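J.: Got a structure for you, written out below as structure tokens; questions coming shortly.
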Amino acid sequence: MNDTMKCPTCNSEHAYQDRDLWVCPECGHEWSAAADAAPDASHETGVRDAHGNLLADGDSVIVVKDLKIKGSSSVVKGGTKVRNIRLQDATDGHNIACKIDGIGAMNLKSEFVKKA
């Protein structure tokens, strides 16, 4: 048993093993020791939609819920299809740049869209 296992999320040294999982009491993160030994690099890289599908520039996506537009009384309705998205690095989480018919250019968070 490895007693020096650190939490991959908060790097706490107080993680403990509970059957097949490691648990961090500080942040509540749980992980498998086998997954820690062989991390899935493809899961870490890229922008993923609400269902975990990898997104790329030029994809079409569908908005999964109604989204209020900040500073406006308009709403992007759930089910709206957005074509030709552009992925961007954003510190505020809005990592999709797009143009929506009837609204115009805006940025979306990938957690509120699914790949069409």
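The values are calculated or read from the model by the stated rules, or taken from the named source; none is laboratory data. Computed from a prediction, not measured in an experiment: that's the story for all the values here. FYI the Cβ positions are ideal-geometry reconstructions off the backbone, even for glycines, and counts take in every protein chain you see. Each accessible area value is taken on the protein alone, full model and side chains, heavy atoms only, with ligands, DNA and RNA left out. Shrake-Rupley method; radii C 1.70, N 1.55, O 1.52, S 1.80 Å.
J.: Report, by residue number, each residue of segment 62-83 that is open to solvent by 70 Å² or more (accessible area, probe 1.4 Å) and farther than 20 Å from HIS51 by Cβ. Give the derivation first.
T.: Step one: of segment 62-83, the residues open to solvent by 70 Å² or more (accessible area, probe 1.4 Å) are 65-66, 68, 70-71, 73, 77, 81, 83.
LYS68, LYS70, GLY71, SER73, listed by residue number.
J.: Of everything in segment 49-61, what is in contact (Cβ under 8 Å) with a residue 24 or more places away in the chain, open to solvent by less than 60 Å² (accessible area, probe 1.4 Å) and closer than 15 Å to LYS114 by Cβ? Give them in sequence order.
T.: ASP49, ALA50, LEU55, ALA56, ASP59, SER60, VAL61
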